[in-house]
Amino acid sequence: MTAECSQECAYCWGPQGISAVDTYTALAIISKIADEGSRRIVFTGGDPLQRADLGVLINHAAQIGLEVAVSTTGDLLTEAFLEEHGSRIDLISLPLDGSCEEVSSRTKKPGHFAAVMAALDLLESFAPIAVKVATPVTKHNIADVPNIVALLDRRAAALQGRLFYNVFQAFPRSMASDVEWEEMVVADDEFRELREQVETTDHPYRINWLSHETLDKLYVMVFPDGTLTVPVGSEFRNYGPFLEVTDMDSLLDVAEFDRAKHQRHSQGWSRS
Ligand SMILES: C[S@@+](CC[C@H](N)C(=O)[O-])C[C@H]1O[C@@H](n2cnc3c(N)ncnc32)[C@H](O)[C@@H]1O
Ligand code: SF4
């Protein structure tokens, strides 16, 4: 939606330094996404709430039958926005980098932990919106993930079965060229051990474990400038303006997008 964001996460794999299309073009892109047979659209970024026209775009996506997810930092989520647009949103995703301000502020700006807690408080009153919390696991917070799980265990009841938790093994892909990945990325076996540790106890919500293997070739994205991007390994493969694509199926084959994996993974939540 936009590269604009209140945060500056060192690991960010979102678009950076890319200008965004206008409302008219964004509406056309959403229509084409539906025409291509997609069931769901995820408005992400950057922070989609940095776009003044987000409500208009959500409205259009819902009207043409797409399930709507909004992946936001939580910094700009307000009661007024949810009152106006919440009935057309199926899922809101919020990042949580730590179980407390101290761990959170190793990768997010000061105050982000409190902003996410406030957003979760707010979402308690906005059933039936599904709520996904997402943690990008790095060396900075891997030891704290069991505490985040414990925090979500305590908060789950108030969200009445609407909570999901996505645990990402932070993937070494960024538009910035100077990222010190060795200081951040956790090894496959460390991520596996974390999963085993967390899975020794039951939790009242679904946890999705997104390892490097799962995350690779999983996404098809339209970048803020309207170009189609399929990330593979550490590359963002760009296929030009999405509105000009005439044969999406062939393009996705060439792009090495893993349809079967995407299909399996996307069963995680659904309106129906
Ligand atoms: C790019 S962000 C955009 C939406 C919003 N700003 C946020 O951070 O949630 C989408 C998701 O990707 C995750 N993420 C960002 N960089 C990542 C990376 N290098 N590896 C794995 N997940 C990452 C974020 O934690 C978030 O859950
Ligand atoms: S909050 Fe999301 S989009 Fe913003 S810098 Fe962090 S990962 Fe990137």
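The values are calculated or read from the model by the stated rules, or taken from the named source; none is laboratory data. Keep in mind that what you see is a predicted model, and the values were worked out from it rather than measured. Positions of Cβ are backbone-derived with ideal geometry, glycine not excepted, and every protein chain shown enters the neighbour counts.
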- request: Check whether at least one residue in the range 121-129 is within 12 Å of ligand 1 (Cβ to nearest atom) and more than 24 Å from residue 193 (Cβ to Cβ), and report yes or no.
  value: no
- request: Please verify whether the range 27-36 includes one or more residues that are polar (S, T, N, Q) and more than 27 Å from residue 140 (Cα to Cα).
  value: yes
- request: Go through the range 116-167 residue by residue and tally those that are of a type in the set (Ser, Thr, Tyr), outside any strand (DSSP E or B) and crowded, with 16+ Cβ neighbours inside 10 Å.
  value: 1
field: Hey, residue 64 out of contact with any Pro (no Cβ under 8 Å at 6 or more places or on another chain) and either away from ligand 1 (no atom under 16 Å from the Cβ) or of a type outside the set (Ser, Thr, Tyr) (or both) or not
entry: yes
message: Suppose we keep only residues that are under 11 Å from residue 224 (Cα atoms) and part of a helix (DSSP H, G or I) within the range 24-62. Which one would you say is farthest from ligand 2 (Cβ to nearest atom)?
response: 25
- request: Identify the single condition in (1) more than 22 Å from residue 151 (Cβ to Cβ); (2) of a type in the set (A, V, I, L, M); (3) assigned to a loop (DSSP other than H, G, I, E, B) that residue 77 does not satisfy, given that it satisfies every other one.
  value: (1)
query: Using beta carbons and a limit of 7 Å, which pairs, at least six apart or on different chains, have the first residue in the range 120-140 and under 22 Å from residue 58 (Cβ atoms) and in contact (Cβ under 8 Å) with a residue 12 or more places away in the chain and the second one more than 16 Å from ligand 2 (Cβ to nearest atom) and basic (Lys, Arg)?
result: 120/155; 127/162; 128/162; 129/162; 130/162; 131/162
- prompt: Taking the range 188-214 only, how many residues are in contact with a Lys or Arg (Cβ under 9 Å, 6 or more places away or on another chain) and either crowded, with 18+ Cβ neighbours inside 10 Å or on the phi > 0 side of the Ramachandran plot (or both)?
  reply: 1
Within the range 173-187, considering residues that are within 19 Å of residue 208 (Cα to Cα) and surrounded by 15 or more Cβ atoms within 10 Å (Cβ to Cβ), the one nearest to ligand 1 (Cβ to nearest atom): 185
query: Just wondering, is there one or more residues in the range 22-34 that are within 11 Å of ligand 1 (Cβ to nearest atom), more than 19 Å from residue 85 (Cα to Cα), at pLDDT 95 or above and in contact with an Asp or Glu (Cβ under 9 Å, 6 or more places away or on another chain)?
result: no
Selection status of residue 87, hydroxyl-bearing (Ser, Thr, Tyr) and outside any helix (DSSP H, G or I): no
Pair list, Cβ < 9 Å and 6+ apart or interchain, from the range 186-209 residues that are over 17 Å from residue 142 (Cα atoms) to residues that are among the aromatic types (Phe, Trp, Tyr): 203/165; 205/164; 205/165; 206/164; 206/165; 206/269
task: Quickly run through the range 97-120 and pick out the residues that are more than 16 Å from ligand 1 (Cβ to nearest atom) and acidic (Asp, Glu).
output: 101, 102
- request: Please find, within the range 96-115, the residue that is surrounded by the most Cβ atoms within 10 Å (Cβ to Cβ) out of those that are without any contact (Cβ under 8 Å) to a residue 40 or more places away in the chain and either at negative phi or among the acidic types (Asp, Glu) (or both).
  value: 104
query: Is there a residue being within 18 Å of residue 220 (Cα to Cα) and surrounded by fewer than 19 Cβ atoms within 10 Å (Cβ to Cβ) anywhere in the range 43-52?
result: yes
- prompt: What number of residues in the range 147-193 are in contact with a strand residue (DSSP E or B) (Cβ under 7 Å, 6 or more places away or on another chain) and either over 29 Å from residue 90 (Cβ atoms) or of a type in the set (Asp, Glu) (or both)?
  reply: 1
